[in-house]
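Written out below as structure tokens is the structure these notes cover.
The values are calculated or read from the model by the stated rules, or taken from the named source; none is laboratory data. The shown structure was predicted, so the numbers you read here are calculated from the model rather than taken from an experiment. Here the Cβ is made from the backbone with ideal geometry for all residues, glycine too, and neighbour counts use every protein chain on show. Side chains are part of the model used for accessible areas, which takes the heavy atoms of the whole protein and leaves out ligands, DNA and RNA. Shrake-Rupley method; radii C 1.70, N 1.55, O 1.52, S 1.80 Å.
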Amino acid sequence: MDATIKTLQQAIQHFTDSENCRQFMVFIRWPDGNVQCPYCGSTKLTWMANAKQYRCYSDHKPQKFSLKTGTVFEDSPLGLDKWLPAVWLLCNAKNGISSYELHRALGITQKTAWFMLHRIRLAMQSESFLKMGGSDSGPVEVDETFVGPDPRKMHADKRDARYKALSARPKVPVMGMLDRELRQVRAKVVPNVKRETLQNEILNQIEKGSKVYTDGGTGYDMLKAQDYIHETVNHVEEYVRGQVHTQGIDNFWSLLKRMLRGTYVSVEPFHLDKYVTEEVFRYNNRATKDNPLNDADRFMLAASQISGKRLTYAELTGKVGAAEPF
């Protein structure tokens with residue numbers, strides 16, 4: 001993409017040209033310029049400009065494929081002139097963008113916009129095999145929060161019908177970890193906040209020997225026995241004790257909940273993890289003094305992760321290939 005493109009307006013103007021879209025997708029998917037067939041890997045291809053497809057000369061079916069084949073855009077009737085600005089919007093909207101906003105901005109249906117946003121969230125998802133922390137690294141803050149409706153703010157009749165008792169709050173637990181030195185966060189929905197669940201996540205994500213700071217929750221009681229340097233703050237008595245605190249991950253929770261309450265308003269537990277992924281992406285790629293990213297940088301990073309991922313509407317709605325919501 002042209003290095004002079006720094007704003008949404010410039011991106012929209014640039015991607016209005018189908019040839020610019022083609023060149024961008026080739027650059028993102030095949031940086032060396034050698035387009036490969038997603039079915040067989042052959043480079044013996046012809047670009048059919050009118051059909052906006054490539055034709056592969058190998059003996060297989062289908063022989064034709066588009067630039068969207070093999071990406072989160074696959075099988076979408078929408079053109080790249082709509083998809084690419086949508087990626088830009090979601091990556092850079094501080095509090096997210098609702099499907100109703102996107103449907104008005106792009107001139108598409110709200111249902112289509114909702115499906116688009118979930119596909120883009122899949123592209124924003126990145127997995128790392130490297131563990132956080134380490135004996136020579138900074139501390140890692142670990143905490144959990146609960147996301148869901150507040151029965152105290154409901155009409156009494158509706159609250160009694162749905163929850164029976166004020167204490168029966170159907171909230172979903174989300175666990176997060178912040179590497180204080182790298183300023184990188186990892187977060188995910190967890191089935192519960194039992195000791196076994198929380199400590200398994202810590203063992204999978206954080207190197208042994210790391211400094212781990214948590215609150216006084218009993219779910220973290222046995223971390224020292226697992227070879228972690230574990231310090232806690234009892235939030236009944238204090239929130240900070242020197243360098244021991246969880247204020248960094250609490251800041252992430254405030255950003256997540258502002259997005260959920262202000263933009264998305266009502267998120268089903270089944271989909272919550274996807275929205276957490278969206279906020280993790282923006283938090284980890286925000287502009288800092290050491291890493292001055294801009295809107296174009298975030299867009300390029302998300303676009304570079306579109307390949308090899310697929311999300312069908314049936315999977316998204318839990319009809320096939322997905323676990324039941326807990």
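Residues that are surrounded by fewer than 17 Cβ atoms within 10 Å (Cβ to Cβ) and not small (Gly, Ala, Ser) within segment 227-243 comprise 227, 229, 234, 235, 236, 237, 238, 239, 240, 241, 243, listed in sequence order. Checked against (1) open to solvent by less than 30 Å² (accessible area, probe 1.4 Å); (2) closer than 24 Å to residue 312 by Cα; (3) not small (Gly, Ala, Ser), residue 151 meets all criteria but (2). Selection of segment 288-326 for residues being at pLDDT 90 or above, of a type in the set (A, V, I, L, M, F, W, C) and not in a helix (DSSP H, G or I) yields 293, 306, 311.
If the condition is being of a type in the set (Ser, Thr, Tyr) and assigned to a loop (DSSP other than H, G, I, E, B), then segment 56-87 contributes 57, 58, 66, 69, 76. Listed by first and then second residue, the pairs with beta-carbon distance under 6 Å, at least 6 apart or on different chains, first residue in segment 225-241 and touching a residue at least 12 places away in the same chain (Cβ under 8 Å) and within 13 Å of residue 202 (Cβ to Cβ), second assigned to a loop (DSSP other than H, G, I, E, B) and open to solvent by 70 Å² or more (accessible area, probe 1.4 Å), are 227/208.
Determine, yes or no, whether residue 44 is over 28 Å from the mean Cα position of the chain (by Cα) and either of a type outside the set (Gly, Ala, Ser) or crowded, with 16+ Cβ neighbours inside 10 Å (or both). Taking the combined requirement at face value, the residue satisfies it.
Kindly indicate whether residue 196 is touching a residue at least 24 places away in the same chain (Cβ under 8 Å), open to solvent by 70 Å² or more (accessible area, probe 1.4 Å) and charged (D, E, K, R). It is false that residue 196 is touching a residue at least 24 places away in the same chain (Cβ under 8 Å), open to solvent by 70 Å² or more (accessible area, probe 1.4 Å) and charged (D, E, K, R).
Note on segment 175-193: residues that are surrounded by fewer than 16 Cβ atoms within 10 Å (Cβ to Cβ), touching a Pro at 6+ places or on another chain (Cβ under 9 Å) and charged (D, E, K, R) total 1. Under the condition of being open to solvent by 50 Å² or more (accessible area, probe 1.4 Å) and of a type in the set (A, V, I, L, M), the residues counted in segment 79-112 number 1.
So which residues in segment 256-307 are of a type in the set (Val, Ile, Thr), more than 17 Å from residue 84 (Cβ to Cβ) and open to solvent by less than 60 Å² (accessible area, probe 1.4 Å), if there are any at all? Scanning segment 256-307 gives 263, 267, 276, 277, 280, 288. Could you check, for segment 157-164, whether at least one of its residues is in contact (Cβ under 8 Å) with a residue 12 or more places away in the chain, in contact with a Phe, Trp or Tyr (Cβ under 8 Å, 6 or more places away or on another chain) and open to solvent by less than 50 Å² (accessible area, probe 1.4 Å)? No, the conditions are met nowhere in segment 157-164.
Condition first: more than 28 Å from residue 115 (Cα to Cα), part of a strand (DSSP E or B) and not aliphatic (A, V, I, L, M). Now tell me which residues in segment 29-55 satisfy that. Within segment 29-55, 46, 47, 55 qualify. Please tell me if residue 71 is open to solvent by less than 60 Å² (accessible area, probe 1.4 Å) and more than 20 Å from residue 266 (Cα to Cα). Here the answer is yes, as residue 71 does meet what is asked. In segment 126-142, the residues that are of a type in the set (Lys, Arg) form Cβ pairs under 9 Å with partners that are in a strand (DSSP E or B) and open to solvent by less than 20 Å² (accessible area, probe 1.4 Å), at six or more places apart or across chains, as follows: 131/206.
Determine whether residue 185 is closer than 18 Å to residue 284 by Cβ and of a type in the set (Val, Ile, Thr). Judged against the criteria, residue 185 is a match.
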